[in-house]
Amino acid sequence: MPEVTLENIAKMYGSVVASEDINLTIHDKEYVTILGPSGCGKTTLIRMIAGIIEPTRGKVYIDGMNMEGVPIEERGIGYVFQNIALFPHLKALENVSYGPIVHDLGREEAIEISTKYLELVKLLDRMKMFPSELSGGEQQKVSLARALATGAKLLLLDEPLSALDARVRMDLRYELRRLAKSLGLTVLHVTHDQEEAMTVSDRIVVMRNGRVVEINTPEMLYRDPQHIFTANFVG
Ligand code: ADP
Ligand code: MG
């Protein structure tokens, strides 16, 4: 039952304030997007939840447990990185099945699950190919299938659709949300694309300069934005 709570999070890189005063709860089975322009601190935030970097101040809780010092592999998350990080020496199917194998499934079951997710992202015919033989969009889909195949109930997606063609991107938006809801996943999805955020989210967190501007449902942000920044960005 993953619920993520961020309490007074701040992250400094020297004099650069990447995050400040972040308070946020993502409820179990909720689909939340972080929406904001490039450089506003989205990736920094998702990395702190994943445990790739530690906050300078504040606390991250998953399932009510303080995550301080807990490594990424013990946080129960599936992560799609902004810069696709596939293993170059493994074929697509092996990249996807890497997660489930690590999680102690038998080899056959891991292959079965991985094949299922590759089918879902429409890449069955590419499963024997190496990342270097795939397009950017295809690599992003493999990355997504791998995150899903870990069986994690909490998905962290950092601009997961950015490398895809417009058409595929739109199809996958709906697919992502449908999948999350049917599998009962809790999702934190980072994007700079307001249309994408409006389509997939239960709630949207609008960010600017490392801070949360406002949090609301897509409908309310569109109909009744509380800040001019939101109105300009969403409208
Ligand atoms: P976004 O994902 O919204 O584009 P980031 O979280 O990547 O934004 O970056 C937020 C700010 O923090 C930017 O000003 C960026 O230059 C800075 N930043 C991010 N990572 C580092 C780092 N490792 N060292 C120094 N500054 C960083
Ligand atoms: Mg980023």
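The values are calculated or read from the model by the stated rules, or taken from the named source; none is laboratory data. Remember, predicted model here, so these are calculated numbers, not experimental data. FYI the Cβ positions are ideal-geometry reconstructions off the backbone, even for glycines, and counts take in every protein chain you see. These accessible areas exclude ligands, DNA and RNA; they are computed on the full protein's heavy atoms, side chains included. Shrake-Rupley method; radii C 1.70, N 1.55, O 1.52, S 1.80 Å.
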If I take all pairs of Cα atoms in the stretch 107-235, what percentage of them are more than 19 Å from each other?
53 percent
Which order do Lys128, Lys116, Lys59 take when ranked by solvent-accessible area (1.4 Å probe, heavy atoms of all protein chains), largest first?
Lys128, Lys116, Lys59
Please report the carbon-and-sulfur percent of the accessible area for the stretch 107-235; probe 1.4 Å, protein heavy atoms only, DNA, RNA and ligands left out.
50 percent
What does the extension gain come out to for His27 and Lys181, with contour length at 0.36 nm per residue minus their alpha carbon separation?
54.1 nm
Is any residue of the stretch 9-37 close enough, with backbone N under 18 Å, to a label point placed 7 angstrom from the Cα of Glu68 along the Cα-Cβ axis, and if so, which?
9-12, 21-24
Relative contact order of the chain, please, whole-number percent, based on alpha carbon pairs below 8 angstrom and at least 6 residues apart.
27 percent
Membrane-span-like helices in the chain: DSSP H runs reaching 18 Å or more (Cα, own axis), mean Kyte hydropathy at least -1.0?
107-120, 136-149, 166-183
Which value at 222 nm does the chain reach when only helices count, each DSSP H run of 4 or more adding -39,500 (n - 2.57), with the total divided by all residues and rounded to the nearest 500 deg cm²/dmol?
-11000 deg cm²/dmol
Got a number for the accessible area of Glu175? Probe 1.4 Å, square angstrom, nearest 10.
40 Å²
Pairs of alpha-carbon atoms within less than 8 angstrom and 6+ residues apart define the contacts here; what relative contact order does the stretch 126-235 have, in percent?
18 percent
At each listed q (0.14 Å⁻¹), what is the log10 of I(q)/I(0) that the Debye formula gives for the stretch 51-186 modelled as equal alpha-carbon point scatterers?
-0.65
Rounded to the nearest 0.05, what FRET efficiency do Lys122 and Glu219 have when you use their Cβ-Cβ distance and R0 = 41 Å?
0.85
Leaving ligands, DNA and RNA out of it, work out the accessible area of Phe229 with a 1.4 Å probe and give it in Å² to the nearest 10.
40 Å²
Heads up, I need the accessible area for Ser38: 1.4 angstrom probe, whole protein in place, Å², nearest 10.
110 Å²
How large is log10 I(q)/I(0) at q = 0.10, 0.15, 0.17 Å⁻¹ when the Debye formula is applied to the Cα atoms of the chain, each weighted equally and without solvent?
-0.45, -1.01, -1.27
How much area per residue is accessible in the chain when the probe is 1.4 Å and only protein heavy atoms are counted (Å²)?
48 Å²
Share, in percent, of DSSP beta bridges within the chain that are antiparallel, nearest 5
50 percent
